[in-house]
């Protein structure tokens, strides 16, 4: 779809920011969760947000750009948890708003993963702007635990760090099991902590 003309230069662009920007992001994620990436259109987002399609195109040049920015704006707390233990950090990071137990977030993530498999332009932005920062935050939890002495120096953190998310996503998207705090806790206590040498859960 060819975007409508952007107008007469930079000065004519509407300022989409603050609460209005968040309303458009929320509308984007609502449409994404409802119909998936393939059926999401600028028209549908504009209608849900009570905005004009021209306004959206002047602020976001393409559907991938809008979707990625919307996802980044509402993926939960940006701070990396620091509870003092690896167990506490993992439970804080993966449970609650923006984590794997957030039902809406997981519906959105399912749509994003499906889109990345079919749309190379979107896949590049998705990996660069969404997955890589998440991987870096997860790695930081393990690196800090290693510095505290919870994890031995010879543990391969690059191998272990993605394991929790991978197991949860397998159960969600292949087995149809909705993630819960109880599931995350079982995986952490029975698989992740023993794998890195933490013999007993720290409470």
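At a glance:
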quantity: Unique residue being part of a loop (DSSP other than H, G, I, E, B), in contact with a helix residue (DSSP H, G or I) (Cβ under 7 Å, 6 or more places away or on another chain), surrounded by 16 or more Cβ atoms within 10 Å (Cβ to Cβ) and at pLDDT 90 or above when the list is 56, 40, 66; calculated: 40
quantity: Which listed residue, of 112, 86, is assigned by TED's automatic domain parsing to the domain that holds residue 176, within 20 Å of residue 157 (Cβ to Cβ) and modelled with pLDDT of 85 or more; calculated: 86
quantity: Residue 183 at pLDDT 90 or above, part of a helix (DSSP H, G or I) and within 18 Å of the chain's Cα centre (by Cα); calculated: no
quantity: Cβ-Cβ under 8 Å pairs, at least 6 apart or on other chains, segment 141-169 side in the same structural domain as residue 110 (by TED's automatic domain parsing), far side part of a loop (DSSP other than H, G, I, E, B) and exposed (fewer than 11 other Cβ atoms within 10 Å of the Cβ); calculated: 146/152; 146/153
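The values are calculated or read from the model by the stated rules, or taken from the named source; none is laboratory data. None of the values given here were measured: they were computed from a predicted structure. Ideal geometry is used to build each Cβ from the backbone, glycine not excepted, and the neighbour counts take in all protein chains shown.
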